[in-house]
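Report on the structure given below.
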Amino acid sequence: MEIIPLIHLKKRKIVTEEEEKGLSINEILEQVYKDEKIYVLDIDGIDKNKPNLCLYPKLLENHKIWIDAGPRVLGDVVDSIMSGANKITIRQKIWPEPDLSSIKEITECKIYVGIDSENQNMQRIEFFLLNNIDGLVIFKNKNKIETDFKYGSYLKNLCLKYKIFAYDPNPKNFSYWETLGVAGLLVDIGKTKEFKRNEY
């Protein structure tokens, strides 16, 4: 299972527990090997439709970036591509009816759909998967998935057929996701070492 460091961008800076400890952007990024992927969770893009495009080139200097900035129209996807994204996440809650064929025409980037609403429509998930997206990113809490057995077993079946990634801030949940069969975990950058210990 792949462990991908995740950073939060807000107000033109990386917002992490490490930053609260006084570390600079460079010191934060030094925790990630050169050319490794970083998942960029752009809070301003998702919440306000104002992505931090000016920060992406800095991240690209030594890393591949997977951008989750809450695109709402095709032009937003183009902005992420032009900013250097290798992968892009589209959030179903923000853009419920994306024209997936148009997106695929303009880019060879991998396109994932973010699943984060409480009452996710399973038929809608199938629609995205059948329309040639590259996979899903789950932002649901492990406990919420476990309380709905039907949803948990549904996800386990999806993991057999598609690339599914999940976000989890808690290293204790590593084995749960491994059992579920996800392709990888998105982990807050300061916790990647804790998660990677579980890989061996």
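Just so it is clear, none of the values below were taken in a lab; they were calculated from the coordinates. Small disclaimer: the values here were computed from a predicted structure and weren't measured. No Cβ is skipped: glycine too gets one built from the backbone with ideal geometry, and neighbour counts run over all protein chains shown.
Scanning the chain for GluC sites (Glu not before Pro) in DSSP loops with at most 12 other Cβ atoms within 10 Å, what's the longest stretch left with none?
That gives 119-198 as the longest site-free run.
Within a Cβ distance under 10 Å of Ile133, other residues only, what is the Lys/Arg minus Asp/Glu net charge?
Around Ile133, the surrounding residues sum to +2.
A 20 angstrom limit on the alpha carbon distance is what I want to check against. Which of Lys110/Lys142; Lys93/Lys193; Lys34/Lys64; Lys34/Lys163 exceed it?
Flagged as over cut-off: Lys110/Lys142; Lys93/Lys193; Lys34/Lys163.
How large is the charge dipole for the stretch 2-197, taken about the Cα centre, if only the Cβ atoms of Lys, Arg (+1) and Asp, Glu (-1) carry charge, to the nearest 20 debye?
The calculation lands at about 260 debye.
Kyte-Doolittle mean at least -0.5 and Cα extent at least 15 Å along the axis: which DSSP H helices of the chain qualify?
149-161
What net charge do the residues around Trp66 carry, taking every other residue with its C-beta under 9 Å from that of Trp66, with Lys and Arg at +1 and Asp and Glu at -1?
Result for the neighbourhood of Trp66: +3.
Is the shape of the chain rounded, prolate or oblate, going by the alpha carbon gyration tensor and its root eigenvalues a ≥ b ≥ c, with a/c under 1.5 for rounded and a/b larger than b/c for prolate?
It is oblate, given that a/c is not under 1.5 and a/b is not larger than b/c.
DSSP beta bridges in the chain, what fraction antiparallel, as a percent rounded to 5?
So the antiparallel bridges amount to about 10 percent of the total.
Using DSSP to define loop residues, name the chymotrypsin sites (Phe, Trp or Tyr not before Pro) in the stretch 29-128 whose beta-carbon has at most 10 other beta-carbon atoms within 10 Å.
Taking the stretch 29-128 and a limit of 10 other Cβ atoms within 10 Å, the loop chymotrypsin sites (Phe, Trp or Tyr not before Pro) found are Tyr33.
List the residues whose amide H sits under 5 Å from the amide H of Gly70, counting only those 5 or more places along or on another chain, with H placed 1.01 Å from N in the peptide plane.
Answer set, sorted by chain and number: Arg91.
Please name whichever of Trp66, Pro96, Ile145 sits farthest to the positive end of the charge dipole of the chain, dipole taken about the Cα centre and charges placed at Cβ: Lys and Arg +1, Asp and Glu -1.
Most positive-ward Cα: Ile145.
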